[in-house]
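The values are calculated or read from the model by the stated rules, or taken from the named source; none is laboratory data. These figures come from a predicted structure and were not determined experimentally. Note that each Cβ is placed from the backbone with ideal geometry, even for glycine, and that neighbours are counted across all protein chains shown. Accessible surface areas use protein heavy atoms only, side chains included; no ligands, DNA or RNA. Shrake-Rupley method; radii C 1.70, N 1.55, O 1.52, S 1.80 Å.
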Amino acid sequence: MCRSLILLCLTLTSVTGNAGEAPAFTGKQLTELPVNNWLTNGGNVLNQRYSPLTEINSSNVAKLKAEWQAHLNGSGVGPPYSGEAQPIVHDGVVYVPTGADDVFALDVETGKQIWVYQSKLDNLITTVCCGWTSRGVAIGEGKIYLGRLDGKLVALDQHTGKEVWSVQAERWQDGYVITSAPLYYDGMVITGFAGGEFATRGRVKAFSARSGKLVWTFYTVPGPGEVGHESWPEDNDAWRFGGATVWQTPAVDENHGLLYFSTGNPGADFNGGMRGGDNLFSVSIVALEAKTGKYRWHYQQVHHDLWDYDASNPVVLFDIELNGQTREALAEIGKTGWVYILDRVTGKPLIGIDELPVPQEPRQATAASQPHPIGDPVVPHSIDIPPAGFRLVNEGRIFTPFWDKPVVAKPSPWGGTNWQPSSYDPRQGYLFVCGNDAMGRFVVAEAADPKSGTKYMGGVFGYADIPLTGIFAAVDLRTNKIVWRQRWKDSCYSGSTATAGDLVFTGRNDGRFVALDSRNGDVLWEFQTGAGVNATASVVQYKGHQKVVIYSAGNMFAGSPGGDSVWLFSLDGTLGPSERPESLQAKAVTVSVKDADTAAGAQVFAHVCAACHGDEGRGGHGGGPDITSVVSPELVASTVISGKSTRMPGFSKSLTPWQIRDVSVFVAMKLGK
């Protein structure tokens, strides 16, 4: 009898696993609004980033304090790292990766580390375009899933952090890296790949969650015989290097079995002369059959993109009443600053999108027309006063073409709205978006013959020497009109999370974590975390009380102060705010340029500076200016130490005096000379 009971208990244990083990979540479970757990990067597979909890609300959020602050062992601090991850929370454990692809499991009650997984990335990876980062992990079947910057997809034991399986999903040497959080769905782990500036052909892949075996692949640039291939030239193989990479975690409609994502720019970014046609499926929203990866429909936001107007924000699914009818909808806001609102079954516009003629430049093989959604753009689409040294062409409007003479226009390649996740409140029908108002400086350059894993841009990421400002806004998805909007003095570079308590949580570059009144944008609460808040909060209920958790680690592109903290907040918290991060005017460090090692300086430049200033110092993806004319090592050193404006942080804490010396002499004496 006793022996039989023991055997029965052992059998039950082997079936159910350890207490708290994440099951093979059903589509229904992953679609429900998050209450006790935050199971996907977007809170649910609709990517709404919305919590129905109301214990913390607009009337009492001012009393919010921290229960704990956890440090992540200094992982991902300083250049080239950025902290952009949204935590997963399951059964009392917080899972968060750093920009170094290290994963930490933390106790919700205490913040203490349960386990740590170290990726030990090769610091010679050269195909990360926009700062070393991870935007999150996935959970399911007792495992945590992480996409890495070296192109690997790994599964970790949920309880120990030990590697269960690892696959080389793609090679970083060929230009493919994973910055987005994978999606666990229907026994699969689904991920896209970044790399649009490195002569890649975009793709989304699904792998078995149990074994890591490849299930299906969908290429976002169609090959011969596939739908959309006719939108690429017949006389060359530009499609093989056509970009259209996927920056974010897909959404899923469980009822229709459809998977949705949006894509980035075509390659080469700024030179369209060799890729005539619409260049599908770049800058598009795409729907696939989730089980098979089979194409169902697409909607292209920008035809034959020349401006790096990626559709890099996560697609959001929702049901909404329009003209007395409940419609199954989706929305995505692009770098254009427009929200594209579609029927998620058919891909047809719900609010209306006009196809309007645009100015032409034959050498760029420009598209004859571009989609213009009916409604309000979140950011300005023209320039009223030209910056010194420029004459306005077409009033600096969106879709202004260019060739070998620089043209300024809005939005810039920063957007508009970039990767920072939007949130949606289904009670109000509002989408909350983070954008930026900046002047882009567009000019073409000869695109070298493409080779996988090498830069392939046909121009540089240029910006007028006018400070950008951030914009945070609420858009009514029933009308595509702005409900409220506010301008920030620095960039907006954080995602948002909305709650049924009439709140929307977001972050600021100066270290503040803030709660806004979702009805009107009023600032109701702010808390200094000690590092840039450039990630997105997760909201759960634990032991009957609402908790808010955020990763505060800074961002290389935003120029915000670095850190390694996870904070958890509640109305029962007792911890006050951190000290404000040191201002960008950091304390001086004496640097002698004597005995400088310019070869070592070149390595520092490639690892730390090139993402913003470009490989040759003539401007990069992060908006850094051309610095090839600088001839004073002392001036370079002073700028590296102290920073410059709100776009460039000081590096006195993250680089040694010798590294500052070496890179300063390299920039002044060698770069571009």
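7 Å from Cα along Cα→Cβ at both residue 451 and residue 356: what's the point-to-point distance in nm?
In this crude label model, residue 451 to residue 356 measures out at 4.4 nm.
Taking K and R as +1 and D and E as -1, what net charge do the other residues with C-beta under 13 Å from the C-beta of residue 603 add up to?
With Lys, Arg at +1 and Asp, Glu at -1, the net is -2.
Provide, in order from the shortest bin, the percent of all Cα-Cα pairs of region 401-471 in each 10 Å bin, continuing until the bin that contains the maximum pair distance.
18, 33, 28, 15, 5, 0
So if I place +1 on the C-beta of Lys and Arg and -1 on the C-beta of Asp and Glu, and nothing else carries charge, what would the dipole magnitude of the chain be about its Cα centre? I want it in debye, nearest 20.
640
Would you mind putting 116-127, 248-259, 81-92, 210-221 in packing order, based on average other-beta-carbon counts within 10 Å, highest first?
Put in order of decreasing packing, that is 81-92, 248-259, 210-221, 116-127.
Could I have the simple spin-label model distance between residue 123 and residue 374, label points 7 Å from Cα toward Cβ, reported in nm to one decimal?
Placing both labels 7 Å along Cα→Cβ, they lie 5.6 nm apart.
Of the accessible area of the chain, with the probe set at 1.4 angstrom, what percent is carbon plus sulfur?
Carbon with sulfur: 51 percent of the solvent-accessible area.
Got a sec? Charge dipole of the chain, +1 on Cβ for Lys and Arg, -1 for Asp and Glu; which of 462, 244, 357 is way out at the positive end?
462
Using the heavy atoms of the protein chains alone and a 1.4 angstrom probe, what is the accessible area of the chain per residue in square angstrom?
Heavy-atom SASA per residue in the chain reads 37 Å².
Kirkwood Rh, Cα Rg: Rg to Rh for region 296-365?
Rounded to two decimals, Rg/Rh equals 1.03.
Quick check: pseudo-label points 7 Å beyond the Cα along Cα→Cβ at residue 289 and residue 600, how many nm apart are they?
The two pseudo-label positions are separated by 5.9 nm.
Where in the chain are the DSSP H helices whose C-alpha atoms run 20 Å or more along the long axis and whose mean Kyte hydropathy is at least -1.0?
2-16
Taking Rg and Dmax of the Cα atoms in Å as the quantity of interest, determine which of (i) 24.2, 77; (ii) 24.0, 91; (iii) 37.7, 134 was computed from the displayed structure.
Recomputing Rg and Dmax of the Cα atoms in Å here picks out (ii).
List every residue whose amide H lies under 5 Å from the amide H of residue 119, counting only residues 5 or more places away in sequence or on a different chain, with H placed 1.01 Å from N in the peptide plane.
The answer is 102, 103.
Charges on Cβ only, +1 for Lys and Arg, -1 for Asp and Glu, centred on the Cα centroid of region 395-548; of 399, 496, 538, which one is farthest towards the dipole's positive end?
538
Provide the net charge surrounding residue 536, with neighbours chosen by a C-beta distance below 14 Å and charges set as Lys +1, Arg +1, Asp -1, Glu -1.
Spelling it out: positives minus negatives among the neighbours equals +2.
Suppose a student asked you for the relative contact order of the chain, using Cα pairs under 8 Å spaced at least 6 residues apart; what percent would you report?
13
Please work out the Cα convex hull volume for region 337-480 and give it in Å³ per residue.
Expressed per residue, the convex hull around the Cα atoms of region 337-480 is 154 Å³.
Can you give the Kirkwood hydrodynamic radius for region 251-358, in Å, rounded to one decimal and based on Cα pairs?
14.5
Determine the dipole magnitude for region 364-446: charges of +1 sit on the beta-carbon of Lys and Arg, -1 on that of Asp and Glu, nothing else is charged, the reference point is the Cα centre, and the result goes in debye to the nearest 20.
Dipole magnitude for region 364-446 comes out near 60 debye.
So, by mean Cβ neighbours within 10 angstrom, what's the order for 198-205, 377-384 with the highest one leading?
The most tightly packed comes first, giving 198-205, 377-384.
Could you tell me the largest-minus-smallest coordinate of the C-alpha atoms of region 112-267 on each of the three principal axes, in descending order and whole angstroms?
57, 43, 22 Å, listed from the longest principal axis down.
Region 113-136 to region 170-191: how many Å between their Cα centroids?
Here the two parts' Cα centres lie 14 Å apart.
Can you work out ³J(HN,Hα) from phi for every residue in region 422-432, in order, using Karplus 6.51 cos²θ - 1.76 cosθ + 1.60 and θ = phi - 60°, giving whole Hz and x for Gly and Pro?
After applying 6.51 cos²θ - 1.76 cosθ + 1.60, I find 8, 10, 9, 9, x, 5, 8, x, 9, 9, 9 Hz.
Cross-link partners among lysines for residue 489, C-alpha distance below 23 Å, same-chain residues fewer than 8 apart left out?
335, 410, 644
I'd like the projected area of region 197-253, averaged over all directions, using the convex hull of its alpha carbons. Report it in nm² with one decimal.
Mean orientational projected area (region 197-253, Cα hull): 5.5 nm².
Could you check what % of the DSSP bridge pairs in the chain are antiparallel, to the nearest 5?
Roughly 95 percent of the beta bridges in the chain run antiparallel, per DSSP.
For residue 274, list long-range residues whose amide hydrogen, built 1.01 Å from N in the peptide plane, is under 5 Å from its own amide hydrogen.
none
From the backbone phi of region 47-57, what are the Karplus-calculated ³J(HN,Hα) couplings (6.51 cos²θ - 1.76 cosθ + 1.60, θ = phi - 60°) in whole Hz, Gly and Pro given as x?
So the J values, rounded to whole Hz, are 6, 7, 6, 10, 10, x, 6, 10, 4, 8, 9.
Below 10 angstrom from the Cβ of residue 421, what's the summed charge of the other residues (Lys, Arg +1; Asp, Glu -1)?
Around residue 421, the surrounding residues sum to +1.
Which is farthest toward the positive dipole end of the chain among 27, 204, 66, measuring Cα position about the Cα centre, with Cβ charges +1 (Lys, Arg) and -1 (Asp, Glu)?
66
Sort the following peptides by mean Cβ neighbour count (other Cβ atoms within 10 Å, averaged over residues), highest first: 350-358, 419-427.
Packing order, densest peptide first, comes out as 419-427, 350-358.
For q = 0.20, 0.25, 0.26 Å⁻¹, what log10 I(q)/I(0) does region 328-419 give under the Debye formula with an equal point scatterer on each alpha carbon and no solvent?
Taken in order of the listed q values, log10 I(q)/I(0) reads -1.05, -1.33, -1.37.
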